[in-house]
1. Give me the residue from region 351-394 that is touching a helix residue (DSSP H, G or I) at 6+ places or on another chain (Cβ under 8 Å) and farther than 30 Å from residue 133 by Cβ and, out of that set, surrounded by the most Cβ atoms within 10 Å (Cβ to Cβ).
2. Considering only residues that are more than 33 Å from the chain's Cα centre (by Cα), in a helix (DSSP H, G or I) and surrounded by 11 or more Cβ atoms within 10 Å (Cβ to Cβ), which ones fall in region 272-294?
3. Output yes when any residue across region 246-267 is outside the structural domain of residue 105 (by TED's automatic domain parsing), touching a helix residue (DSSP H, G or I) at 6+ places or on another chain (Cβ under 6 Å) and outside any helix (DSSP H, G or I), and no when none is.
4. Just a yes or no: is a residue in region 295-314 modelled with pLDDT of 95 or more, outside any helix (DSSP H, G or I) and surrounded by fewer than 16 Cβ atoms within 10 Å (Cβ to Cβ)?
5. Going by the structure shown, is residue 260 touching a strand residue (DSSP E or B) at 6+ places or on another chain (Cβ under 7 Å) and under 30 Å from residue 318 (Cβ atoms)?
6. Do we find a residue being at pLDDT below 95, within 18 Å of residue 332 (Cβ to Cβ) and either in contact with a helix residue (DSSP H, G or I) (Cβ under 8 Å, 6 or more places away or on another chain) or not in a strand (DSSP E or B) (or both) anywhere in region 199-217?
7. Could you tell me whether residue 16 is surrounded by fewer than 18 Cβ atoms within 10 Å (Cβ to Cβ), at pLDDT 95 or above, under 19 Å from the mean Cα position of the chain (by Cα) and within 18 Å of residue 254 (Cβ to Cβ)?
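The values are calculated or read from the model by the stated rules, or taken from the named source; none is laboratory data. The structure presented is a predicted model; accordingly, all values stated were derived computationally and were not measured. Cβ placement follows ideal geometry from the backbone for every residue including glycine, while neighbour counts extend to all protein chains displayed.
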């Protein structure tokens, strides 16, 4: 008989408890200041490093803990209750490293992943461009063979909306290795580009509505010489971008779940103590129903997300599994928007003020429905799964 387990294994329960304590002690007290100043929270990074959280999803062979995507998902959920910036810092241990883990050589993994696990290096992910967001194949960053060394490459172009661009020591960059107008999947290749190389610079940084503290902006590549050994996998490896993003969906979903949990818990405590019309706000059935609906959505999102993370850890992030991964990302991030909006509404005028974190959650939530595949992209992928029979019920 097949047994379905809904509980986390003991080691992840312990991880959850330890990260919860760290988030309450280190992250929560700093969340408002990070948002107000926009300064990178080095102290939070160091706390994550000291707790061994920067290598959660990395294999033990490079100094990671091997907890996988599910382990990172559990940790991010706890941190995201208080700060999306801190959650993004943990996410960036997986997004740029994913292609290297999937297709990188042993030398690449040892050189670039070890530093991430140790906390001595940080990385960024270069896919989007001003005219190529959801339409990835529209990218114009170009890689051509180096005339002086045909096995190497010269990159030119600009990547935008890159999280952690200022803080990163190296970048996973996707570029066209065929005609720039080509829309063939084998026309795009992944490269590891080091920040210190000549021709690599940070362009403008963005002024964001939320998720401040981790700089987002442009990576500018001007005649950057990339050695052949820094090609990730094979030339024409665009598939790495899609597989990498597929595997990331439960991790982004975890940010949404954590935000929703934090917002609902805070608002619930508020309405329990807020007097109105001779009772507390929490005594009114209309308020109770809204809290109940949000709680149901949170638990549904968690089940979707933990299943998606488990699938990703099993290597099941190819086409036939995409609907399940996309469901988690779609539902959890849209939930973050609804839950943060509900929290503001439950607090009323107070919720709109900086005296409470509800307006911060409200601003931060919207980013989640855009990054790493918009909600509309996720719906398209889910629908395609149904139409193609990858998601079917008989």
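1. Among residues in region 351-394 that are touching a helix residue (DSSP H, G or I) at 6+ places or on another chain (Cβ under 8 Å) and farther than 30 Å from residue 133 by Cβ, the one surrounded by the most Cβ atoms within 10 Å (Cβ to Cβ) is 351.
2. 272, 281, 282, 283 - these are the residues of region 272-294 that are more than 33 Å from the chain's Cα centre (by Cα), in a helix (DSSP H, G or I) and surrounded by 11 or more Cβ atoms within 10 Å (Cβ to Cβ).
3. no
4. yes
5. Working: touching a strand residue (DSSP E or B) at 6+ places or on another chain (Cβ under 7 Å): no; under 30 Å from residue 318 (Cβ atoms): yes.
When the stated conditions are applied, residue 260 does not pass them.
6. So far as region 199-217 goes, no, none of its residues is at pLDDT below 95, within 18 Å of residue 332 (Cβ to Cβ) and either in contact with a helix residue (DSSP H, G or I) (Cβ under 8 Å, 6 or more places away or on another chain) or not in a strand (DSSP E or B) (or both).
7. yes
Here's the yes/no breakdown for (1) within 13 Å of residue 227 (Cβ to Cβ); (2) modelled with pLDDT of 95 or more; (3) out of contact with any strand residue (DSSP E or B) (no Cβ under 8 Å at 6 or more places or on another chain):
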{"position": "109", "(1), (2), (3)": "no, yes, yes"}
{"position": "129", "(1), (2), (3)": "no, no, no"}
{"position": "133", "(1), (2), (3)": "no, no, no"}
{"position": "140", "(1), (2), (3)": "no, no, no"}
{"position": "150", "(1), (2), (3)": "yes, no, yes"}
{"position": "156", "(1), (2), (3)": "no, yes, no"}
